[in-house]
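Below is one structure, written out as structure tokens; comments come after it.
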Ligand code: ARG
């Protein structure tokens, strides 16, 4: 896309009105202009203008000739922007005025008629909504791809045993596939949130004009239909001024990043020498300029860091809204950069993670060895005693003693001889060893949502259907 040139209309006081007697200072021009970044909205701006023009014609406000000229002019502008030959002008402040000025240069007076019954206030709110709707659709596809990548790894690892942690202390064995499916659940909810936010994004502000509506007999429903929007904003003041849809979106995006960040933290831990559970493909890592042995998990580390950036954008937007009186205020121009950066960060991150999970090397022996270390099947022994007639609290106490003894000998519970185990409770029999094994523990949790491989497989099947 072409860059923004400065001061092409040197002897024109302002782009919008004869009221002003002196030109803006260059500093103020730069401070107030948004074209540097909002030119990104050009396609939405043109789509909104075309829908508006078509409706103006249908309502008899614009002639068929003017409408045709506007369509042709916009087609030229589209190809100029796509070819990078469109000259974005700082003096024309924003994407809206730049496109409108070019249209008028191309087609004359019909270009000046386009803005009938419209203000930049309802125009920009429409543009941002249209643009964001498209981005949400792309993000939904990317979220699906990441979920599918995770389900693929989960399927290969439905039987692989991982120490499950609470408080980062070994708690109970879980299937590695089960662990990964926890993230699939998180990302599935994220996708639901996006779908829900989309409904509120996809409403039409056009027709609200500057703030009070317009005296022209516009057909707002018609414009909404043309633009594929689900509803028309019902209050003109609200339509031009609120950005809660952007805040909501950024909140949903922040949650995606929080989930990514949690996964990142685990990948980083698992790849450290102390865990040694996984390896990330080299293309997602970097080395050290001083320590030749190093391979660092830069991608998850950066993603963890970028989470702060996206959450920061949420804070920025929500603070931007706070304290604004009705209706439109220029503060709202500040909604764009955080929104754009949120979308860019999210898209890159989701793409990278889908690819990175596909290239994950899993080390089942290391995971299993770690699971054997922390008396991960102690709860299973307690449950076993309950099945033999003990109250759970008593069983808990007995097993605590058994674990203490086992720690003293440096052995796992399953490595203690039966005679030793029977000292804790006479009801313990030969069948205890199956219970004390990691695999026995896993298989025992054969309940909806549990970690038994049969359950993991059932969940994978459900996700496959859902993800298509
Ligand atoms: N660039 C402005 C924005 O992003 C467009 C709306 C300007 N409206 C106005 N009354 N100055 O919000």
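In the set 127, 190, 137, 219, which member is under 17 Å from residue 53 (Cα atoms) and under 21 Å from the mean Cα position of the chain (by Cα)? Of 127, 190, 137, 219, the one residue that is under 17 Å from residue 53 (Cα atoms) and under 21 Å from the mean Cα position of the chain (by Cα) is 127.
One residue stands out among those in region 136-158 that are in contact with a strand residue (DSSP E or B) (Cβ under 9 Å, 6 or more places away or on another chain) and in a helix (DSSP H, G or I): the one that is surrounded by the most Cβ atoms within 10 Å (Cβ to Cβ), which is 154. Scanning region 54-66 for residues that are buried (at least 20 other Cβ atoms within 10 Å of the Cβ) and free of Cβ contacts under 8 Å to residues at least 60 places away in the same chain, we see that the one that is farthest from residue 110 (Cα to Cα) is 62. Among the residues of region 36-75, the ones that are in contact with a helix residue (DSSP H, G or I) (Cβ under 6 Å, 6 or more places away or on another chain) and in a loop (DSSP other than H, G, I, E, B) come to 1 in all. Listed conditions (1) in contact with a helix residue (DSSP H, G or I) (Cβ under 6 Å, 6 or more places away or on another chain); (2) touching a residue at least 60 places away in the same chain (Cβ under 8 Å); (3) farther than 30 Å from residue 329 by Cβ are all met by residue 140, apart from (2). Among residues of region 97-122 being within 14 Å of the ligand (Cβ to nearest atom) and either in a loop (DSSP other than H, G, I, E, B) or at positive phi (or both), the one that is surrounded by the most Cβ atoms within 10 Å (Cβ to Cβ) is 118. Total residues in region 192-219 satisfying the condition of being part of a helix (DSSP H, G or I) and in contact (Cβ under 8 Å) with a residue 60 or more places away in the chain: the figure is 4. When 436, 442 are screened for being closer than 30 Å to residue 183 by Cβ, touching a residue at least 12 places away in the same chain (Cβ under 8 Å) and in contact with a strand residue (DSSP E or B) (Cβ under 9 Å, 6 or more places away or on another chain), only 442 passes. Selection within region 376-393: residues that are free of Cβ contacts under 8 Å to residues at least 40 places away in the same chain and not in a loop (DSSP other than H, G, I, E, B). The member of this set that is nearest to the chain's Cα centre (by Cα) is 378.
Return the residues of region 220-259 that are assigned to a loop (DSSP other than H, G, I, E, B) and out of contact with any strand residue (DSSP E or B) (no Cβ under 7 Å at 6 or more places or on another chain); say none if nothing qualifies.
Correct list: 228, 234, 235, 242, 243.
Screening the candidates 361, 349 for the property of being within 19 Å of the chain's Cα centre (by Cα) and over 24 Å from residue 127 (Cβ atoms) yields one hit, 349.
Figure legend. Inter-residue proximity from region 31-46: first residues over 13 Å from residue 127 (Cβ atoms) and in contact (Cβ under 8 Å) with a residue 60 or more places away in the chain, second residues away from the ligand (no atom under 12 Å from the Cβ) and part of a loop (DSSP other than H, G, I, E, B), beta-carbon distance below 8 Å, spacing 6+ or different chains. Indicated pairs: 32/24. Scanning region 320-375 for residues that are more than 16 Å from the ligand (Cβ to nearest atom) and in a loop (DSSP other than H, G, I, E, B) returns 322, 323, 359, 360, 363, 374, 375.
Results for (1) closer than 30 Å to residue 152 by Cα; (2) surrounded by fewer than 16 Cβ atoms within 10 Å (Cβ to Cβ), shown as yes or no for each residue.
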position: 378; (1), (2): no, no
position: 388; (1), (2): no, yes
position: 395; (1), (2): no, no
position: 400; (1), (2): no, yes
position: 414; (1), (2): no, no
position: 419; (1), (2): no, yes
position: 431; (1), (2): no, yes
position: 445; (1), (2): yes, no
position: 449; (1), (2): yes, yes
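If you go through region 266-277 and pick out every residue that is surrounded by 15 or more Cβ atoms within 10 Å (Cβ to Cβ) and out of contact with any strand residue (DSSP E or B) (no Cβ under 6 Å at 6 or more places or on another chain), you end up with 7.
A short reminder: the numbers here are calculations on the coordinates, not readings from a lab. Note that the structure is predicted; figures quoted are calculated from it, not measured. No Cβ is skipped: glycine too gets one built from the backbone with ideal geometry, and neighbour counts run over all protein chains shown.
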